[in-house]
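The values are calculated or read from the model by the stated rules, or taken from the named source; none is laboratory data. Since this is a predicted model, take the numbers as computed values, not measurements. Positions of Cβ are backbone-derived with ideal geometry, glycine not excepted, and every protein chain shown enters the neighbour counts.
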Amino acid sequence: MSPWLIVIIVGIGTYLTRLSFIGILGKAGVPSYIERPLKLVAPAVLAAIAIPQLVAPADVVDFSLGNLRLLAGLVAIAVAWKARSIGSTIVAGMTALWILQWLF
Amino acid sequence: MPSEEERVALAKDRFVEGVKAVSPILFGVAPFGLIVGVTIAAGDVDNWVGWSTSWLVFAGAAQIALIELLNSEALAVVAIATPLVINLRHAMYSAAMAPPFSQLSSLDRLWLPYLLTDQAFAISASRYEPDSDPTTVKYFYLGTGVTLWVAWQIVTMVGIVVGAQLPAAWSLDFTIALVFLGLLVPAVASRPALVAAVVGGVVAVLSLELPNGTGIIAASVAGVAAGSIADWRLSR
């Protein structure tokens, strides 16, 4: 399938996701059996993407101290917890990784 | 009933208010957009196809995942499903915005959701009050949404231009993991959310052997299922 077609399909699908409840619902609100699982999508998906990049940067699980990305990632998690901003998380994580790479 | 001039003046005020409210957030959005551009420039996918995701998809995390899947020539169904799963959270925003938006015209309700991003949602939802008038609802949201849209098109383009010249020794690809961590940590706002994140992360690591990208989908489903069970048990 051509990359253009894939991008367009993802674009339409994303738009329809954004439209979903705004398009069909009035003031009534969303039933809780839909809303509650929806709230869990973000943590599940984001962890599924982020955690392997820390734990297995070269596609092999590596819990040793030589895994600098895991160490820098832990620093980033601590900063993200305190600062709650993507900007400072990136700065803290990259700074930690560069210092670790320079040291070891 | 306010006159036409009064409504136009209010609309302008609310739009400017939205632009001002979103401005500080641009400092966090800009690096993220640059990284999306750098990711596009670093891969084999045509830069125009890559950049078009900025206005066709307009959601950074999903754009990065999509670009990486296109670069690794993953199965088309995986390249389509993974970013859509990542973007499922927008349904949650749509649900939260549906009550205030119910006052707007059908046309507005059709096109305004195109601008519904993490940041536009976070800022607008915190600004709205139960009795917000339709002009405030529409134009404050437009002020945030349009600002973010214009900034996003520019910074992702800059990222593509600059990105081609960055050395690999800088390990800038690590910023992708950091973006997702920066989104993940605030999303873990309850115990069921923590369960969903832990199970999602563990299953993703265990399914690294699965064909490219399918592990993320399996992990997401497992995470939401486990989190829902935790939610159900905790709320009994």
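Table for the structure above
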item: Complete set of residues in segment B:42-56 that are within 15 Å of B:I154 (Cα to Cα) and either crowded, with 24+ Cβ neighbours inside 10 Å or free of Cβ contacts under 8 Å to residues at least 12 places away in the same chain (or both); result: B:W48, B:G50, B:S52, B:T53, B:S54, B:L56
item: Cβ pairs under 6 Å, 6+ apart, first in segment B:189-204 and of a type outside the set (F, W, Y), second not in a helix (DSSP H, G or I); result: B:L194/B:V188; B:A197/B:V188
item: Helices (runs of 4 or more DSSP H) fully within segment B:1-68 counting 1 or more residues that are polar (S, T, N, Q); result: B:26-42, B:47-56
item: From B:A204, B:A193, B:A187, B:A197, residue being closer than 26 Å to A:G93 by Cβ, facing chain A (nearest Cβ under 7 Å), more than 20 Å from the chain's Cα centre (by Cα) and crowded, with 18+ Cβ neighbours inside 10 Å; result: B:A204
item: Scan of segment B:83-108 for residues that are in contact with a Ser or Thr (Cβ under 9 Å, 6 or more places away or on another chain) and surrounded by fewer than 18 Cβ atoms within 10 Å (Cβ to Cβ), ordered by number; result: B:Q103
item: Condition met for B:L172 (within 9 Å of chain A (Cβ to nearest Cβ), under 30 Å from B:N47 (Cα atoms), touching a residue at least 12 places away in the same chain (Cβ under 8 Å) and not in a helix (DSSP H, G or I)); result: yes
item: Residue ID - farthest from the chain's Cα centre (by Cα), chosen from residues in segment A:32-68 that are more than 7 Å from every other protein chain (Cβ to nearest Cβ) and either closer than 18 Å to B:I176 by Cα or among the aliphatic types (A, V, I, L, M) (or both); result: A:L65
item: Criterion violated by B:G213 - all others in (1) farther than 30 Å from B:D46 by Cβ; (2) modelled with pLDDT under 85 satisfied; result: (1)
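Yes or no, residue by residue, for (1) over 16 Å from the mean Cα position of the chain (by Cα); (2) surrounded by fewer than 17 Cβ atoms within 10 Å (Cβ to Cβ); (3) in a helix (DSSP H, G or I):
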position	(1), (2), (3)
A:L70	no, no, yes
A:T89	no, no, yes
A:A92	yes, no, yes
A:W98	yes, yes, yes
